[in-house]
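For reference, the structure discussed in these notes is given below.
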Number of protein chains: 2
Amino acid sequence: MRILILGSGGVGSAAVRIAVRRDFFDALVLADYDAARPQALVDDIADDRLVAAQVDASDSDAVADLIREHEITHVLNAVDPRFVLPIFDGCFAAGAVYLDMAMSLSRPHPEKPHELPGVKLGDEQFAQAEKWADAGRLALVGIGVEPGLSDVFARYAEDELFSEIDELGVRDGANLTVDGYDFAPSFSIWTTIEECLNPPVIFEKDRGWYTTPPFSEPEVFDFPEGIGPVECVNVEHEEVLLMPRWTKAKRVTFKYGLGDEFINVLKVLHTLGLDKTEPLTVKGVQVAPRDVVAAGLPDPATLGSRMHGKTCAGVWVRGTGKDGKARSTYLYHVADNEQTMAEYGSQAVVWQTALNPVIALELLATGVWTGSGVLGPEAFDARPFLDLLAADAPRGYGSPWGIEEK
Amino acid sequence: MRILILGSGGVGSAAVRIAVRRDFFDALVLADYDAARPQALVDDIADDRLVAAQVDASDSDAVADLIREHEITHVLNAVDPRFVLPIFDGCFAAGAVYLDMAMSLSRPHPEKPHELPGVKLGDEQFAQAEKWADAGRLALVGIGVEPGLSDVFARYAEDELFSEIDELGVRDGANLTVDGYDFAPSFSIWTTIEECLNPPVIFEKDRGWYTTPPFSEPEVFDFPEGIGPVECVNVEHEEVLLMPRWTKAKRVTFKYGLGDEFINVLKVLHTLGLDKTEPLTVKGVQVAPRDVVAAGLPDPATLGSRMHGKTCAGVWVRGTGKDGKARSTYLYHVADNEQTMAEYGSQAVVWQTALNPVIALELLATGVWTGSGVLGPEAFDARPFLDLLAADAPRGYGSPWGIEEK
């Protein structure tokens, strides 16, 4: 296997640091628009399999050329979701397997944005599914932690724990704090505003996909391993688009544990128009309010050493167990910032995202996972993934997951 | 009397429209940095006593020259409080009586901003009180509605209603709404951020002036004439600096009925640093976050015709009545936007501010009020002011005030 990782930001860099401990691949090219960034990482790690490269991820021809130049077999997209389609197209053109952690972007319904979906997350990729399947090529979409590990949990629950599933409810929460700041998001505020203010999407078997106003159906969810109760609300997320395609769940939701303080901040920004991305004229200069908000906050990528706490990703499954009785179970994975910083130099949220595509690449390299078309993580057997995740090194990745009956 | 009003914004313009119905003055010069603005108003009103002029209010020599040129006897400062000192100095130099509606600005205590006052509101004016008194000249400071009418109420309560005052608590609240906006402040958001995020100041006889963190001592106050209960919090305001100089009250506070939604907005802006006035670099341009917030909201001066509701200014006095019994009384004045728009074309908040200095000018013109030094409204007899305010035209201004026992 010859891997190309596009993007040497937090997640791309963490994926390299995780992958170099494994022996399932022959070469790993790390490419970025700024060639100095991947080169610095390659120099630092000093593994003969690593190569740094430069590429413009918005140019599908350039992506295809880089794939051909390095005889790449598998591409992991670790850049901003705005670049999904050119990378996706470049992979098809050059015949490489494509993997990503966020799918092509949505656009709200022009008349009823809080009732009906417009263009959904991933629609532009699934529109090409037949072409990929006919060509016998694989695009494995949404294989980070959420989407990604959450989707693997959903498949595992359907196969091994439940005879009927009423709801697959992804629940994401954390107790991360950052020293020295009253308010310091542990992830991009720009992206958080985008995903939290887009109309959340919900799936119901009888109704199909539909949307609601932002922050709908608030619920306090009690997260495991000391994180405790966090207020969660519906947020637009890929799992709601992926899980219904490969599971029989009657309902699929995604709720994000933003906490009431963060939800309040996002609501105020929206009320004052400070979430807007169109430039305003302010004393003679043009500036987008959302960019001003982001510029005034610390860069989350630089905060790992000041962060404390844990982040939890998982799926709360409700339905009928294999024994015919009602069952309510949370399948989850926790990353502790102290541990991820000590072992990998990556903050917890970034590291937890990067871990899963590396495991998927190993399963593809060893032939445990095979397929063609545009497939989500649910389309593959969950048990070998979860075994490899939890098993101690050197066999596995030594990161246990949990099950809690609710 | 020959009057100069500096500033032809909302309050200055409303003061002219109120004054021209009266015959106590011989000339009224309306001056602004932009000469076209006062000229438009003068042309519109067509009263022979009115003259438009241009002046830079930051230049005390220019202010003095304008006073001399038009043989001005009384100057009303209706510009931004940043210009208090040059106008104040220009009046002294040219020998005119000075009136303002906001006093020289405060600066927080460098080490303990939430415990001790630094430079207080008006300190830079009161530092010159002896000079003004010795020269037999008068500066009547803080004679808008708050400060202004509130201070007149305090003096009235002490003279006529109470034998001992435990607390003079200014309470300001409104039920104003603006059609077509989720969030549209009825006054400058820039100034509101300034006054609400400065440390509020409180006076206690035994302790002197001290400060607290912003938004301290929240209290729901029930305002009269259908406004109803509004959440009020301590805010830095001139009355707390004025009333203790001329009354014997044991405690003086100012609470602003911001309402919980507005308080929340201000807190979020502060938490995210969006209240800051120092420029940030945002994608290559320099911009102050507070200016971005202001630029994204409608200009309150343009909202009068879309506004509905009433605004109330007053003082809640607690202590011992003239009969020796405990007494708790709210003295107040309400302006109804519908009425002020219909009668004067001014929105309620602006009109209510502009009304009081015109009444004070009339009392000075007729010799009912006299004095020298730097004096607050409490230094003058309250009853003739309140009589003139409430009496029907043509004798008075036809705007009744109220008393409510609490």
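Annotations
- Cβ-derived FRET efficiency at R0 60 Å, A:Q128 paired with B:L116, nearest 0.05: 0.35
- Cα gyration tensor, segment B:149-348 - rounded (a/c under 1.5), prolate or oblate: oblate
- Residue ranking by accessible heavy-atom surface, 1.4 Å probe, largest first, among A:W369, B:W246 comes out as B:W246, A:W369.
- Sorted from closest to farthest, the other copies place their A:D56 label points 5.0 nm away, with each point set 7 Å from Cα along Cα→Cβ.
- Gain on full stretching of the segment that runs from B:R68 to B:R82 - 0.36 nm per residue minus C-alpha separation: 2.7 nm
- Amide H contacts under 5 Å for B:A53: B:L30, B:A31, B:D32, restricted to partners 5 or more places along the chain or on a different chain, H placed in the peptide plane at 1.01 Å from N.
- When you count the other C-beta atoms within 10 angstrom of each residue and take the mean per peptide, B:269-279, B:99-109, B:14-24 line up highest first as B:99-109, B:14-24, B:269-279.
- Remark: accessible area buried at the B-A interface is about 1900 Å², both chains counted, probe radius 1.4 Å.
- Contact order normalised by residue count of chain A, Cα under 8 Å, 6+ apart, percent: 19 percent
- Note on chain A: GNM, Cα springs under 10 Å; of A:P199, A:P213, A:P38, the largest mean-square fluctuation is that of A:P213.
- Other protein chain Cβ atoms within 10 Å, averaged over every residue that makes up B:292-299: 5
- Heavy-atom accessible surface of chain B, averaged per residue, reaches 39 Å², computed with a 1.4 Å probe.
- Segment B:149-348: antiparallel DSSP beta bridges as a percent of all, rounded to 5: 90 percent
- All Cα-Cα separations within chain A were binned at 20 Å from zero, giving a P(r) of 27, 61, 11, 0, each value a whole percent of the pairs.
- Separation of alpha-carbon centers, segment B:350-398 and segment A:63-82, rounded to whole Å: 78 Å
- Among A:P81, A:P394, A:P229, the residue with the largest mean-square fluctuation in a Gaussian network model of chain A, with springs joining Cα atoms closer than 10 Å, is A:P394.
- All aspartates and glutamates inside 15 Å of A:K248 as judged from Cα atoms, apart from same-chain residues fewer than 8 positions distant: A:D151, A:E158, A:D159, A:E160, A:E164, A:D166, A:E167, A:E204, A:D206, A:E239, A:E378
- As a fraction of the 1.4 Å probe accessible area of the protein assembly as shown, surface on carbon and sulfur atoms comes out at 47 percent.
- Pairs of Cα atoms nearer than 8 Å and 6+ residues apart set the relative contact order; for segment A:149-348 it is 31 percent.
- Relative contact order of segment A:180-229, defined on C-alpha pairs under 8 angstrom at six or more residues apart (%): 23 percent
- Copy-to-copy label distances for A:S328, where each label lies 7 Å from Cα along Cα-to-Cβ, are 4.6 nm in order of increasing length.
- The lysines whose alpha-carbon is closer than 26 Å to the alpha-carbon of A:K250, local same-chain residues fewer than 8 away aside, are A:K112, A:K120, A:K205, A:K322, A:K325, A:K406.
- Global form of segment A:1-78, assessed from the alpha-carbon gyration tensor, a/c cut-off 1.5: oblate
- Across the alpha-carbon atoms of segment B:50-91, the computed radius of gyration and Dmax are 9.6, 26 angstrom.
- Gain upon complete extension [A:A35, A:D159; 0.36 nm per residue less C-alpha separation]: 40.2 nm
- Counting only DSSP beta bridges with both residues in chain B, the antiparallel share comes to about 60 percent.
- Using the Cβ-Cβ distance between A:S328 and B:T177 with R0 set to 51 Å, the FRET efficiency from 1/(1 + (r/R0)^6) comes to roughly 0.65.
- Summary for B:Q128: label point 7 Å along Cα→Cβ; distances to the equivalent points in the other copies, ascending, 7.3 nm.
- Placing B:S372, B:S8 in order of accessible area, with the largest value first and a 1.4 Å probe, yields B:S372, B:S8.
- Pairs of C-alpha atoms in segment B:289-406 farther apart than 23 Å represent 48 percent of all such pairs.
- DSSP assigns beta bridges within the protein assembly as shown; of those with both partners inside it, close to 60 percent run antiparallel.
- Among B:Q286, B:Q54, B:Q352, residue whose mean-square fluctuation peaks in a GNM of chain B (springs only between Cα atoms under 10 Å): B:Q286
- FRET efficiency for A:R207 and A:R383, using Cβ-Cβ distance with R0 set to 30 Å, rounded to 0.05: 0.40
- Shape annotation for the protein assembly as shown: C-alpha extents along the principal axes are 101, 55, 49 Å, from largest to smallest.
The values are calculated or read from the model by the stated rules, or taken from the named source; none is laboratory data. Just so we're clear, the structure is a prediction, and the values are computed from it rather than from any experiment. So basically every Cβ, Gly included, is an ideal-geometry build from the backbone, and we count neighbours across all protein chains shown. Heads up: the accessible areas ignore ligands, DNA and RNA and are worked out on the full protein's heavy atoms, side chains in. Shrake-Rupley method; radii C 1.70, N 1.55, O 1.52, S 1.80 Å.
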